[in-house]
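S.K.: Mind having a look at this structure? Questions to follow.
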Amino acid sequence: MSLVSVHNEWDPLEEVVVGTVRGARPPAADRSPLAVGCAGRTGGAAGAGPGRWRDAAPVPWPDRVLKETEEELEGLCEELRGLGVTVRRPRTPDRADTSGRTADGHGHGHPAHHPRAGLLTVGDTVIETPAAPRARYPEAFAYRELLTEYLVSGSRWISAPRPRPAGAVYDPGAPPGERLRELEPVFDAANVLRLGTDLLYLVSDSGNELGARWLQSAVGGTYTVHPCRGLHASTPLDLTLLPLRPGLVLTNPSRVNGDNLPAVLRSWRRIECPVPAGTGGTGYAPHRSTWTGTGLLVVRPGLVVVDGRQRELMRVLERHGVDVLPLRLTHSRILGGGLHGLVLDVRRTGTLKTYRF
């Protein structure tokens, strides 16, 4: 029986993969991570035209940041195990992995910190997505043993074609949200949210229209991929909107309004996320989103894991009948992601349904 079975963002969790920052190094400067990570910002390399991205050398993450983050990830694992969830971890990258060289010899690899960024589970299928930042290419190798195990169990495993390494698909000089050319499919797994038979897909600097077309062809006629335009220039989608249970969605009021809310969600009740409390330092470009603290993880309908600093968010959720489990994620802003991105759903109870009200 397939160990992979995921149909939405809220059914009770049974098995997950939690990322790691062991052996982590920041991505080297090249046009692909800056076109994505600096979307919507001006000044410096982020707002420069072609070529200026070379000035944005990576700043190493301090050992203290990595140590504290790994300890907090272990705490997350223990809490999930206590809730009856099977927790898997990627293997620790070896020296060769952490060199992070891509096919064209460029770039340091991302850590295996955000499995949801490069791996997408839909039904019984795991999809390796064609990520926009080239530095993500080696990242999936940290999960290779797990993916093989899932394949042997009866799961499907698909790897999307990687974008060509020449960089022609990226245009850092274009306006935010338009920096991916339509030359081949490109998208992060984090651009996708599951609503049963409906899949939301963020069209942005981290996912182009061809990526949505490829995903539709991969998942087949059982699913409908909904390209979401004009929501956010960068990534991920879960910091813009996140379904909590059928009919209830958390939205980022700085990005989502009545005009750009995806049509399949317009009959859902909306909770507007409060402005987040401080989420750590910002001196480690290109990841500077102030909304990483809102990337919560739904354990089951009525229970979510939340960054413990987001007290106002917790109060709002509780007023809507959602219990919260607060945990620390001290350096989420430095490392560029929230709790939702740290965890790959492998298996949730439940069956495939359509949630259109």
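The values are calculated or read from the model by the stated rules, or taken from the named source; none is laboratory data. None of these values were measured; they are calculated from a predicted model. Backbone-built Cβ (ideal geometry, glycine too); neighbour counts: all protein chains shown.
S.K.: Criterion first (closer than 29 Å to S153 by Cβ, of a type in the set (V, I, T) and not in a strand (DSSP E or B)) does T351 satisfy it? Show your work before the answer.
M.R.: Working: closer than 29 Å to S153 by Cβ: yes; of a type in the set (V, I, T): yes; not in a strand (DSSP E or B): yes.
Considered against the rule, which asks whether it is closer than 29 Å to S153 by Cβ, of a type in the set (V, I, T) and not in a strand (DSSP E or B), T351 comes out as yes.
S.K.: Which of the strands (runs of 3 or more DSSP E) contained wholly in region 147-262 include at least 3 residues that are among the hydrophobic types (A, V, I, L, M, F, W, C)? Reasoning before the result, please.
M.R.: Values: elements: 156-159, 192-195, 198-202, 224-228, 241-245, 248-251.
Result: 192-195, 198-202, 241-245, 248-251.
S.K.: Which one of the conditions (1) surrounded by fewer than 22 Cβ atoms within 10 Å (Cβ to Cβ); (2) at pLDDT 95 or above does P176 fail to meet, given that it meets all the rest?
M.R.: With respect to (1) surrounded by fewer than 22 Cβ atoms within 10 Å (Cβ to Cβ); (2) at pLDDT 95 or above, P176 is out only on (2).
S.K.: So D188 fits all but one of (1) touching a residue at least 40 places away in the same chain (Cβ under 8 Å); (2) surrounded by fewer than 20 Cβ atoms within 10 Å (Cβ to Cβ); (3) of a type outside the set (G, A, S); what number is the exception?
M.R.: Failing condition for D188: (2).
S.K.: OK, next. What are the residues in region 1-25 that are in contact with a strand residue (DSSP E or B) (Cβ under 7 Å, 6 or more places away or on another chain) and among the hydrophobic types (A, V, I, L, M, F, W, C), if any? Walk me through it before giving the result.
M.R.: Looking only at region 1-25, we keep the residues that are in contact with a strand residue (DSSP E or B) (Cβ under 7 Å, 6 or more places away or on another chain), and these are 3-18.
Of everything in region 1-25, those that are in contact with a strand residue (DSSP E or B) (Cβ under 7 Å, 6 or more places away or on another chain) and among the hydrophobic types (A, V, I, L, M, F, W, C) turn out to be L3, V4, V6, W10, L13, V16, V17, V18.
S.K.: Go over the candidates L244, L261, L239, L296 one by one and state the one that is closer than 27 Å to V17 by Cβ and at pLDDT 95 or above. Spell out the reasoning first.
M.R.: Details: L261 fails: closer than 27 Å to V17 by Cβ; L239 fails: at pLDDT 95 or above; L296 fails: at pLDDT 95 or above.
Being closer than 27 Å to V17 by Cβ and at pLDDT 95 or above holds for just one of L244, L261, L239, L296, which is L244.
S.K.: Of all residues being part of a loop (DSSP other than H, G, I, E, B), in contact with a helix residue (DSSP H, G or I) (Cβ under 8 Å, 6 or more places away or on another chain) and surrounded by fewer than 22 Cβ atoms within 10 Å (Cβ to Cβ) in region 313-345, which is modelled with the lowest pLDDT? Just the residue, please. Write out each step before concluding.
M.R.: Taking region 313-345 and keeping what is part of a loop (DSSP other than H, G, I, E, B), we get 320-322, 328-331, 336-338.
Cutting the leftovers down to in contact with a helix residue (DSSP H, G or I) (Cβ under 8 Å, 6 or more places away or on another chain) gives us 328-331, 336-338.
Checking which are surrounded by fewer than 22 Cβ atoms within 10 Å (Cβ to Cβ) leaves us with 328, 330.
Working: R328: 91, T330: 87.
Among them, the one singled out is T330.
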